[in-house]
Amino acid sequence: MGGDELHDKVDGLSLQDKHQGVLVRLKEKVEGLYIFKDRYFENHQLEEAANKMVAVKEMKLDILKEFLSEEERGVEEGCGGEEGRAEFLYLKGRLLNVETDFSQEAEDVLSRAVKLNPSMVTAWNELGESYTRKQDFPNAKICFEGALQHQKNKVSLRSLSMVLRQISVKSPEEKVSNIEESLVKGKEAVALDTQDGMSWSILGNAYFAHFFLVSQNPRTLKQAMSAYSQAEKDIVCRSTPELHYNRGIALKYEELYEKALQSFSTAQVGKLKPKKISSLLEGLDNKSLGPYSDGLYKSPSGLAVKLNAASFKDLRVGLNSEKVVLGRVICSVYSEETVPFTFCIMDWEETVTVVTLYNLSPGRGVIIGDSVAIPEPFFTSVNFSHKQKTYNFGIIRSEK
């Protein structure tokens, strides 16, 4: 047996067996880290949420050192052919994705993993997660659909449900179609595992989006609430601030304000706000300007107008000619009146303003997380006092 052969004996074991043993050990450590993160509040109080990601990061760095050490020893190349190498790369990518921020290195190693083993469903799902964090929703959709071609699984289905609601479309009809399909995928994910809280949570979000953009049916809102209630039965999902935040929004629209405040309070303790803001504002740049990204705009009079991107703080009272503002929707404002459609958006400086939108087709609107660009906005500054309270905010009016 040659000295450079893969099956040379070392301490009574072949090199291949040793490398397979390394894969098993690394997998146990990576999955153990995810269990620690997902079940953190089984052993810690909710008030300790700020310490959670600090501990996760420290553990991640320790495990990453082991990956780097094994790479130096050539374990990746000797892990039993392409499938073994793909497994090594997948585990490394999953480790790098344990924190919520986008990791270019994770995307790179996961891309290599799926090239080595195109039928590896877990790697496709993890790569799709990387693209989702990057706000590259078309490629995320391709990944989750690619995984489903090999195996029907709840992770791909629920992730696809989420991506379909985020992906940019060219028409309101296409948006509605995506929302409908998102709901179907969410239901399929739950059907595969009725005990999985994350699938129930995403199904609740799908119902909520359907309520706003398609049906406006109170029954749909109640279905969202039912899904959120099912999600809360899962200890892992119950520990996520996102569930309580989204449930609070739904409760607000059902006018159950006390319960809504309880949900928002729980979400806030879980440190949702900074994470939610960071997530919403990520990728908010000129690419998000849509039809105005080239800096041009055709005014109602038919003239071509050159636009300059402006923050909300740059706006002056009245018409802001040759300017375009951009923000993410952070909430909609409930009103029994259908006109105007009112919502709040936040720009890249984390400044919030109210938007009133006129001439909107019935059943149309925006949902939390949507990007909104407004050319030549009309800005009003509102300042008044009532019952010893002072109110000061800005309103952008758009009829475009």
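The values are calculated or read from the model by the stated rules, or taken from the named source; none is laboratory data. Not measured: the values here are computed from a predicted model. Here the Cβ positions follow ideal geometry from the backbone for every residue, glycine too, while neighbour counts run over all protein chains shown.
Yes/no per residue for (1) among the β-branched types (Val, Ile, Thr); (2) modelled with pLDDT under 80; (3) outside any loop (DSSP other than H, G, I, E, B):
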position	(1), (2), (3)
356	yes, yes, yes
373	no, no, yes
380	yes, no, yes
384	no, yes, yes
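So, residue 265, is that one farther than 27 Å from residue 53 by Cβ and without any contact (Cβ under 8 Å) to a residue 40 or more places away in the chain or not?
no
So, in segment 72-110, how many residues would count as being acidic (Asp, Glu) and at pLDDT 85 or above?
Residues that pass the stated criteria total 5.
Among (1) at pLDDT below 95; (2) in contact with a Phe, Trp or Tyr (Cβ under 7 Å, 6 or more places away or on another chain), which single condition is residue 169 missing?
(2)
Residue check: is residue 171 of a type in the set (Ser, Thr, Tyr) and either crowded, with 24+ Cβ neighbours inside 10 Å or touching a residue at least 24 places away in the same chain (Cβ under 8 Å) (or both)?
So residue 171 does not fit the description; no.
Looking at the structure I just gave you, is residue 155 modelled with pLDDT of 95 or more and either among the basic types (Lys, Arg) or farther than 21 Å from residue 186 by Cβ (or both)?
no
How many of the residues making up segment 212-231 are modelled with pLDDT of 90 or more and under 20 Å from residue 255 (Cα atoms)?
10
Given (1) farther than 29 Å from residue 284 by Cα; (2) free of Cβ contacts under 8 Å to residues at least 12 places away in the same chain; (3) touching a helix residue (DSSP H, G or I) at 6+ places or on another chain (Cβ under 6 Å), identify the lone condition not met by residue 120.
The failed condition is (2).
Take the residues of segment 99-120 that are in a loop (DSSP other than H, G, I, E, B) and of a type in the set (Asp, Glu): which is farthest from the chain's Cα centre (by Cα)?
In this case the residue turns out to be 99.
For segment 211-225, how many residues meet the condition of being surrounded by 14 or more Cβ atoms within 10 Å (Cβ to Cβ) and either farther than 15 Å from residue 182 by Cα or touching a residue at least 60 places away in the same chain (Cβ under 8 Å) (or both)?
Summing the residues that are surrounded by 14 or more Cβ atoms within 10 Å (Cβ to Cβ) and either farther than 15 Å from residue 182 by Cα or touching a residue at least 60 places away in the same chain (Cβ under 8 Å) (or both) in segment 211-225 gives 7.
List pairs: first residue in segment 284-313 and touching a residue at least 60 places away in the same chain (Cβ under 8 Å) and in a strand (DSSP E or B), second residue hydroxyl-bearing (Ser, Thr, Tyr) and surrounded by 11 or more Cβ atoms within 10 Å (Cβ to Cβ) anywhere in the structure, Cβ distance under 7 angstrom, at least six positions apart or on different chains.
From residues that are touching a residue at least 60 places away in the same chain (Cβ under 8 Å) and in a strand (DSSP E or B), the pairs are 305/297; 305/299.
Return yes or no: is residue 62 surrounded by fewer than 17 Cβ atoms within 10 Å (Cβ to Cβ), under 28 Å from residue 281 (Cβ atoms), modelled with pLDDT of 95 or more and not hydrophobic (A, V, I, L, M, F, W, C)?
no
Given the condition in contact with a His (Cβ under 7 Å, 6 or more places away or on another chain) and in contact (Cβ under 8 Å) with a residue 24 or more places away in the chain, answer yes or no: does some residue in segment 185-206 qualify?
Checking segment 185-206: not a single residue is in contact with a His (Cβ under 7 Å, 6 or more places away or on another chain) and in contact (Cβ under 8 Å) with a residue 24 or more places away in the chain.
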